[in-house]
Amino acid sequence: MITYRPYLNKEFAMSLSTSDVEKVARLARLAMTPTEIEVARSQLSGIFGLIAEMQAVDTGGVTPMSHSQDLAQRLRADVVSESNQREAFQAIAPQVEGGLYLVPQVIE
Amino acid sequence: MTWEIVIGLEVHTQLSTNTKIFSGASTAFGAEPNTQADAVSLALPGVLPVLNKGAVERAIKFGLATGSHIAAHSVFARKNYFYPDLPKGYQISQMDLPVVGRGSLTILVEPLSGNAKPYEKTVRITRAHLEEDAGKSVHGAAQGMTGVDLNRAGTPLLEIVSEPDMCSAAEAVAYAKALHTLVRWIGICDGNMQEGSFRCDVNVSVRKPGAPLGTRREIKNLNSFKFMQQAIDYEVQWQIDTIENGGKVQQATILFNPDTGETRAMRSKEDAHDYRYFPDPDLLPLEISPEWIEQVRATLPELPHTKQARYVNELGLSAYDASMLTSSREMADFFETVLAAVPNDAKMCANWIMGEVNAQLNRDGLDMSQSPITAQQLGGILKRIADNTISNSGAKEVFRTMWTEGGDADAIIEAKGLKQVSDSGAIEAIVDSVMAANAEKVAEYRSGKDKLFGFFVGAAMKASQGKANPAQLNEVLKQKLAG
């Protein structure tokens, strides 16, 4: 199971490498030049440094939150409220055919 | 040396809501492409998800039906990956805090081979979480292009994850079937496997008894129980052969090809499993109060397993009969309606439903809900067997007539003259005339030729045009022949 809370500490922040940034860029489909990668590496390291500092605070007595606001999700009744607006939506699509949005061939 | 098989299932059930999980677009199946893809389904800039109460209610129902923990507080997370049928670039799912936690499902396993008896097994459920479905890719929609239909994008799914508790294809299929029955029973999913409403991923590994778990391979997207069994059988053999030939099983995602009966690994995409989950800032935590859970509990029908136990303990049916009669809610309702007509003859009701009714349904390619004979009509026939108005063979004739022509049992019995003769005077008269016409045989019988008894039964039955009450006829014959 993949956890979304990577264990962050000073060593981790210090060790953020060029290849870490390259990997994240690839996962996010971002094309970056070596100069941009170096800039991002230094900025991200700064952010991780800040996180590491916050990690050092004792939060033992505080219940973890998954959202910055201490509120509960509002729910919607299960009733259809949307009508067909395909024509309007597809007017701005680069390419459509037979009601389908067309994208470059994806081969599994 | 023998091998142990270890199987766990992940089942995606499409929830039977009217609208999508995070927007008010319709989820009706079969609409023209993209006519149900609203701004949220398309991930247009500026849209926000709003959670569907109906989807949460269905998750609670499932949790209650499996005795699972229902989280008072659960969280939606983003699962990030790129694919054209996922316009946001992430799927909204649940990770660390799913809506449904640990529970279990007890199943009746019918071994696929040999004379082994059916047995019960309890499969542990790890969790069930809410998430949104992706759209559909239509490959080759135009030259060198893939078409994308986002009608399905945002359809609510409940992904039900089991522990690796199953150790044969038969157990995996029994579990999947029990789950399929249950989700339809409690009305959270239509269970239509052709339309993709119930899709199974099967994790399979093998090991030597006592050894740690082997490396698993995941068979994706099985949408038939038959394919599931074939895929597991093939995969198990492949893993055993691979290891016995000195190879190693690599963790992989594989597909089953129903045409060849083989499994093959999907091209493994680099970074395929690096989903970078994090809590979705667009959605607040989902809170479920004990009051809400109790409200939902009040809407639950008697569950299959409870019904089975009642059929066995109170009606005296076998575990097998009870399991068959609770294979769907339609079946159980049918049985209980028939039983209302003859409350003391549960076994007869079970035999007729699983015998005559099922046979005719199979022959005509119908399911229970399409039966031309209603439960009330069948109850009318069985009532006349129970009060000795008709014999079992007479009842079958009534049934056949009713199946094709309709009508009520008493009218058919009357019209066809199927009423049994139970008047002892009339039966005695028939027996007397048969004995008088076969005096020689009577003498033979009395001198010890017992076998002739059958001849007298046949002759007397014929003389009554098949209408004599068989038990009574036997009795009278025995007495009179004894002299």
Under the 0.36 nm per residue contour assumption, what length would be gained going from the current alpha-carbon distance of A:ARG26 and A:VAL79 to full extension?
15.1 nm
Relative counts (whole %) of C-alpha pair distances in the protein assembly as shown, using bins that are 20 Å wide:
15, 39, 27, 12, 5, 1
Using the Cβ atoms and a cut-off under 15 Å, what net charge is assigned to the surroundings of A:ALA72, where Lys and Arg are +1 and Asp and Glu are -1?
-2
Just list whichever of B:LYS177/B:LYS248; B:LYS61/B:LYS177; B:LYS136/B:LYS226; B:LYS383/B:LYS480; B:LYS79/B:LYS136; B:LYS61/B:LYS347 have alpha carbons separated by over 28 Å in the model shown.
B:LYS177/B:LYS248; B:LYS383/B:LYS480; B:LYS61/B:LYS347
At a Cα cut-off below 20 Å, give the lysines reachable from B:LYS478, other chains included and same-chain residues fewer than 8 away excluded.
B:LYS441, B:LYS449, B:LYS451, B:LYS462, B:LYS467
Please work out, to two decimal places, the log10 of the ratio I(q)/I(0) at q = 0.08, 0.20 Å⁻¹ from a Debye calculation in which every Cα of the range B:175-318 carries one identical scatterer.
-0.40, -1.19
So what is the diffusion coefficient of the range B:283-426 in µm² per second by Stokes-Einstein at 37 °C and 0.692 mPa s, using a Kirkwood Rh over Cα pairs?
191 µm²/s
Whole Å is fine, so just give me how far the alpha carbon centre of the range B:162-225 lies from that of the range A:42-73.
39 Å
What number in nm² do you get for chain A if you take the convex hull of its Cα atoms and divide its surface by four?
13.4 nm²
If each DSSP helix of 4+ residues adds -39,500 (n - 2.57) and the sum is divided by the residues in chain A, what number results at 222 nm, nearest 500 deg cm²/dmol?
-12000 deg cm²/dmol
List every residue whose amide H lies under 5 Å from the amide H of A:ASP78, counting only residues 5 or more places away in sequence or on a different chain, with H placed 1.01 Å from N in the peptide plane.
B:LYS53, B:GLY54
Order of B:THR155, B:THR2, B:THR404 under a 10 Å beta carbon neighbour criterion, fewest first
B:THR2, B:THR404, B:THR155
Find the centroid of the Cα atoms in the range B:23-70 and in the range B:419-483, then give the distance between the two in whole Å.
72 Å
Can you pull the Kirkwood radius for the range B:118-168, inverse mean 1/r over Cα pairs, to one decimal in Å?
14.2 Å
Evaluated at q = 0.15, 0.19 Å⁻¹: base-10 log I(q)/I(0), Debye formula over Cα of the range B:344-483:
-0.78, -1.00
Net lengthening on full extension, B:ARG297/B:ASP190 (0.36 nm per residue, minus Cα-Cα):
36.5 nm
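For each of B:ASP280, B:ASP423, count neighbouring Cβ atoms within 10 Å of the residue's Cβ, then give the residues from fewest to most. Please list the in-between numbers first.
Numbers: B:ASP280 19, B:ASP423 12.
Ranked by crowding around the Cβ, least crowded first: B:ASP423, B:ASP280.
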With θ set to phi - 60°, apply the Karplus curve 6.51 cos²θ - 1.76 cosθ + 1.60 along the range B:321-338 and write out the HN-Hα couplings as whole Hz, x wherever there is a Gly or Pro.
4, 4, 5, 5, 6, 10, 6, 7, 5, 4, 4, 5, 5, 4, 4, 5, 5, 4
If contacts are Cα pairs under 8 angstrom and at least 6 residues apart, what is the relative contact order of chain B in percent?
14 percent
Quick one: in chain B, what % of C-alpha pairs are over 44 Å apart?
33 percent
Least to most buried among B:GLU302, B:GLU159, by other C-beta atoms within 10 Å and fewest first, runs B:GLU302, B:GLU159
Any idea what angle helix A:18-27 forms with the longest principal axis of chain A, computed on alpha-carbon atoms, 0 to 90 degrees, nearest 10?
20 degrees
Where N is the number of residues in the range B:403-472, Cα Rg divided by 2.2 N^0.38 Å
1.42
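Coordinate-derived values only; no laboratory data. All figures in this text were calculated on a predicted structure; none of them were measured in a lab. Cβ: placed from backbone, ideal geometry, glycine included. Neighbour counts: every protein chain shown.
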